[in-house]
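Visitor: This structure is in structure tokens; I'll ask about it shortly.
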Amino acid sequence: MAAAAPAASASSPVEFLLRRPAPRQRRRPPLAGAFFAPTGLSGGPLLRALASLAADLLGTPRTPSQPRNLDALMRRLALLSSILDSLLLVLGDEEEGAFSDATNLCFRELYVVLFRADLLVSYVASAGRAWALLRGPHLAASFRDLDAELAVVLDVLPAASLRLPRDAAEHLDLLRARCRRRAPGQYDDPAEAALRDRLLAALRHFELGQPPDPSKLKSLLAQIGISDAASCRAEIEYLEEQILSQDEDTDLPLIGGVVALLRYCLFSLFDPGNTKALRVWPSPGDRQRLLSWSSSDDSSFSVPKEFSCPISLDLMRDPVVVSTGQTYDRPSIIQWIEEGHSTCPNSGQALADNRLVPNRALRSLISQWCGVHGFQFDSPESNEGMIECVAASCSSKAAIEANKATARILVRMLVEGSDSEKPVAAREIRLLAKTGKQNRAFIAELGAIPLLCRLLLSSDRMAQENAVTALLNLSIYEPNKTRIMEHEGCLWLIVSVLKNGWTTEAKENAAATLFSLSVVHDYKKKIMNEPGAVEELASMLTRGTPRGKKDAVMALFNLSTHPESSGRMLESSAVVALIESLRNDTVSEEAAGALALLMKQPTIVHLVGSSETVITSLVGLMRRGTPKGKENAVSALYEICRRGGSTLAQRVARIPGLNTVIQNITLTGTKRAKKKASLIVKMCQRSQMPSALALGNTLTVVDHSLVGNSTLRRAASFGSGELSNPVSISVPVP
């Protein structure tokens with residue numbers, strides 16, 4: 001019976017969906033959460049703070065969203081501002097003791113209300129126009145709640161003690177009356193409601209399989225405030241950001257339908273090749289272009305020094321803080337540590353540990369800076385609910401039909417478009433293929449795969465990168481794996497990108513594509529037989545970025561599950577790369593699993609087991625790894641003992657700390673790990689019997705996993721005769 005394969009800790013191909021630009025800035029709904037009054041202020045300073053906040057709000061530029069409610073709020077704020085100015089005149093030079101405790105308390109509560117008003121106004125101003133339309137009723141409710149809170153504060157304000165002038169007192173009465181008034185439909189804007197209805201009607205056209213009339217659609221978008229490709233793309237990005245924010249009351253199918261509608265409009269009504277609409281931040285390999293921008297007259301392209309990694313000098317995408325307090329980009333500092341450095345690159349101080357703490361505040365600032373300058377900000381995301389949210393947003397009939405219509409346009413661009421249009425089409429297909437199996441299915445059915453393959457040889461680096469990433473996203477859908485593998489030359493082209501890709505991301509995504517394709521058993525041998533495929537994966541595992549190493553080791557793990565993989569892995573130096581990777585925590589678990597599978601060949605067994613460093617690394621992984629990682633390490637150690645003879649089994653038995661690790665595995669490991677750990681004990685006993693008799697020294701391991709299984713217990717205890725006796729590994733004391 002063939003030995004069971006070790007546990008795969010490699011990620012599912014679906015997780016590559018998470019390779020998407022991170023939202024530029026999370027905008028939470030207004031009036032959410034608790035706010036606290038400024039306890040340190042009272043009297044004159046508090047009154048001046050109130051007056052300043054009210055004046056700042058009055059100076060806020062008007063926005064097209066919620067005009068009726070914003071105008072009403074500004075009228076109330078104008079009255080309030082005049083009241084506060086009158087109070088300041090009455091107050092004169094008086095400071096702390098000018099007001100009673102009750103008045104100070106009311107003013108503090110008024111400060112909270114004004115602060116909430118500022119948040120609400122800022123939220124409406126920064127929200128996408130389409131989002132504000134769809135959320136119109138919720139925003140109107142926020143304005144209503146704000147009026148109610150202001151009315152409560154004004155009702156309890158002890159106005160009689162304030163010595164207000166007559167005109168200020170009249171303004172206060174008028175303001176109280178306006179805040180109390182609750183007329184039906186007072187906060188509903190008929191013009192906004194009509195626009196919202198027209199937008200929903202356009203979605204219903206797609207539900208029926210009939211795209212709306214282009215002229216009417218363009219007129220609708222113009223009234224919303226979308227007049228060109230740049231504004232259309234900005235709306236799409238904002239709505240996608242809201243989908244990923246996963247607010248509980250967000251109607252994901254509706255938002256996804258509007259995103260699909262706007263994406264269709266981007267290509268059917270506007271010029272998507274507009275450079276302003278496609279300004280994308282260069283990848284780490286494009287530093288020369290960045291430097292030329294930075295030295296140009298347009299200072300907006302100059303990256304602040306604080307946002308650049310001190311090691312790579314590139315814009316940081318995942319800033320982390322080391323033990324010395326310095327901040328670096330995660331891939332750069334990980335590579336620095338892996339190269340054997342134990343000091344901080346910037347300060348030269350010794351690193352107390354290798355712990356990396358995410359610098360979320362700095363990452364937020366970088367994200368906002370990129371958003372202001374129109375750049376795409378790529379940042380790692382590990383939100384497990386993201387795929388579900390994106391899938392839910394694409395589930396509506398309107399979204400599916402609108403995306404189909406968009407895909408037809410994009411595929412036509414790949415066929416008939418100019419050299420500048422084809423990279424744009426590849427990028428959009430890449431984005432469209434990230435969401436939903438329906439999208440991946442009809443994009444491939446329209447014939448996109450052969451057209452994308454042609455771009456893999458493009459001299460345009462972004463065309464190549466987007467094409468290979470689009471193939472990666474399409475390959476997640478199982479039938480598309482067949483389409484890719486059966487298209488003549490496609491596999492060769494993917495390996496060519498892996499070897500000679502223009503950008504690091506293109507190479508990494510080529511490796512990830514091979515991982516996705518290698519999930520199908522029938523394609524493993526074909527990939528291994530492709531010249532250069534395994535060699536380049538091994539090279540990436542050795543010299544790639546942390547993400548590249550992860551892509552490579554997952555692909556090699558999948559290929560190792562093929563029964564004929566051992567020889568190919570050995571001759572391609574993949575085995576050596578896997579052995580070296582056991583010291584890298586990022587990929588050690590998958591490397592151990594792959595080695596366990598490959599050690600069916602004696603040459604590989606002796607290559608792996610001949611090094612005490614390798615065995616020590618496996619024992620270390622058994623100690624600190626995840627449950628699957630521990631299982632993979634136990635499986636590898638088991639194969640060394642099983643196939644390497646007594647010499648290698650003795651070497652395993654002599655590893656310091658093995659006794660404790662085996663005990664932990666038998667108590668807390670997976671079922672398969674417990675079983676193989678007990679078999680390791682048995683094989684170590686056999687190999688050490690002469691030494692045990694000669695020296696009389698043993699290490700004791702209680703194998704709890706064998707309790708209740710008399711057959712295994714007898715095998716492990718070597719006929720000890722007592723069921724409660726411990727299993728012993730006889731190891732000479734050094």
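Visitor: Residues of the range 521-545 being at pLDDT 85 or above and part of a loop (DSSP other than H, G, I, E, B), which ones?
Guide: 531, the sole residue that qualifies.
Visitor: Using the structure shown, decide if residue 551 is buried (at least 24 other Cβ atoms within 10 Å of the Cβ), within 24 Å of residue 340 (Cα to Cα) and charged (D, E, K, R).
Guide: Here the answer is yes, as residue 551 does meet what is asked.
Visitor: Taking the conditions exactly as written (open to solvent by less than 40 Å² (accessible area, probe 1.4 Å) and without any contact (Cβ under 8 Å) to a residue 24 or more places away in the chain), does residue 202 satisfy them or not?
Guide: No; evaluated as a whole, the condition is false for this residue.
Visitor: Six or more apart or on different chains, Cβ under 9 Å: which pairs go from a residue in the range 41-69 that's free of Cβ contacts under 8 Å to residues at least 40 places away in the same chain to one that's charged (D, E, K, R)? Could you list them?
Guide: 51/85; 55/85; 62/71
Visitor: Here's something else I'd like to know. Run down 623, 583 and say which single residue is assigned to a loop (DSSP other than H, G, I, E, B) and either of a type in the set (D, E, K, R) or buried (at least 24 other Cβ atoms within 10 Å of the Cβ) (or both).
Guide: Result: 583 is the single residue among 623, 583 that is assigned to a loop (DSSP other than H, G, I, E, B) and either of a type in the set (D, E, K, R) or buried (at least 24 other Cβ atoms within 10 Å of the Cβ) (or both).
Visitor: Please work out if residue 511 is buried (at least 19 other Cβ atoms within 10 Å of the Cβ) and over 26 Å from residue 477 (Cα atoms).
Guide: no
Visitor: Moving on to the next point. Would you be able to say whether some residue in the range 442-450 is hydrophobic (A, V, I, L, M, F, W, C), outside any helix (DSSP H, G or I) and open to solvent by 30 Å² or more (accessible area, probe 1.4 Å)?
Guide: Checked against the condition, which is being hydrophobic (A, V, I, L, M, F, W, C), outside any helix (DSSP H, G or I) and open to solvent by 30 Å² or more (accessible area, probe 1.4 Å), the range 442-450 yields at least one hit.
Visitor: Then there is this: Return the residues of the range 397-446 that are basic (Lys, Arg) and in contact with a helix residue (DSSP H, G or I) (Cβ under 7 Å, 6 or more places away or on another chain); say none if nothing qualifies.
Guide: 397, 404, 422, 427, 430, 434, 440
Visitor: Here is a check on your reading of the model: is residue 639 open to solvent by 50 Å² or more (accessible area, probe 1.4 Å) and not basic (Lys, Arg)?
Guide: no
Visitor: Further question: For residue 501, which of the numbered conditions (1) within 29 Å of the chain's Cα centre (by Cα); (2) closer than 22 Å to residue 457 by Cα; (3) surrounded by fewer than 19 Cβ atoms within 10 Å (Cβ to Cβ) fails to hold?
Guide: Condition not satisfied by residue 501: (3).
Visitor: Determine which single condition residue 385 fails, assuming it passes every other condition in (1) modelled with pLDDT of 70 or more; (2) open to solvent by less than 40 Å² (accessible area, probe 1.4 Å).
Guide: Going through the list (1) modelled with pLDDT of 70 or more; (2) open to solvent by less than 40 Å² (accessible area, probe 1.4 Å), residue 385 breaks only (1).
Visitor: Exactly one condition in (1) under 25 Å from residue 672 (Cα atoms); (2) without any contact (Cβ under 8 Å) to a residue 60 or more places away in the chain is not met by residue 580; state its number.
Guide: (1)
Visitor: Please count how many residues of the range 412-441 are of a type in the set (D, E, K, R) and assigned to a loop (DSSP other than H, G, I, E, B).
Guide: 2
Visitor: Still on this structure, I have one more. In the range 537-548, how many residues are basic (Lys, Arg) and crowded, with 24+ Cβ neighbours inside 10 Å?
Guide: Count: 0.
Visitor: I'd like the full set of residues that are surrounded by fewer than 19 Cβ atoms within 10 Å (Cβ to Cβ) and in a helix (DSSP H, G or I), limited to the range 554-567.
Guide: Selection gives 567 alone.
Visitor: When the residues of the range 464-508 are narrowed to those that are assigned to a helix (DSSP H, G or I) and touching a residue at least 60 places away in the same chain (Cβ under 8 Å), which ends up farthest from residue 429 (Cα to Cα)?
Guide: 504
Visitor: Just checking, does the range 256-273 include any residue being surrounded by fewer than 15 Cβ atoms within 10 Å (Cβ to Cβ) and at pLDDT below 80?
Guide: yes
Visitor: Any idea which of (1) in contact with an Asp or Glu (Cβ under 8 Å, 6 or more places away or on another chain); (2) closer than 25 Å to residue 225 by Cα is the one residue 135 doesn't satisfy?
Guide: Against the list (1) in contact with an Asp or Glu (Cβ under 8 Å, 6 or more places away or on another chain); (2) closer than 25 Å to residue 225 by Cα, residue 135 comes up short only on (1).
Visitor: Go through (1) β-branched (Val, Ile, Thr); (2) open to solvent by 70 Å² or more (accessible area, probe 1.4 Å); (3) under 21 Å from residue 62 (Cβ atoms) and name the single condition residue 156 misses.
Guide: Unmet condition: (3).
Visitor: Hey, another quick one. Here are 68, 62: which of them is under 25 Å from residue 128 (Cα atoms), among the charged types (D, E, K, R), surrounded by 14 or more Cβ atoms within 10 Å (Cβ to Cβ) and under 41 Å from the mean Cα position of the chain (by Cα)?
Guide: Of 68, 62, the one residue that is under 25 Å from residue 128 (Cα atoms), among the charged types (D, E, K, R), surrounded by 14 or more Cβ atoms within 10 Å (Cβ to Cβ) and under 41 Å from the mean Cα position of the chain (by Cα) is 68.
Visitor: Right, here's the next one. Could you grab me the full set of residues in the range 159-187 that are in a loop (DSSP other than H, G, I, E, B), in contact (Cβ under 8 Å) with a residue 60 or more places away in the chain and open to solvent by 70 Å² or more (accessible area, probe 1.4 Å)?
Guide: 163, the sole residue that qualifies.
Visitor: Separate question: Considering only the range 623-644, I want to know if a residue exists there that is in contact (Cβ under 8 Å) with a residue 24 or more places away in the chain and under 17 Å from residue 538 (Cβ atoms).
Guide: So far as the range 623-644 goes, no, none of its residues is in contact (Cβ under 8 Å) with a residue 24 or more places away in the chain and under 17 Å from residue 538 (Cβ atoms).
The values are calculated or read from the model by the stated rules, or taken from the named source; none is laboratory data. Everything numeric in this text was worked out from a predicted model, so none of it was measured. Reconstructed Cβ throughout: ideal geometry from the backbone, glycine too, with neighbour counts over all protein chains shown. The area values use the complete protein model at the heavy-atom level, side chains included, leaving out ligands, DNA and RNA. Shrake-Rupley method; radii C 1.70, N 1.55, O 1.52, S 1.80 Å.
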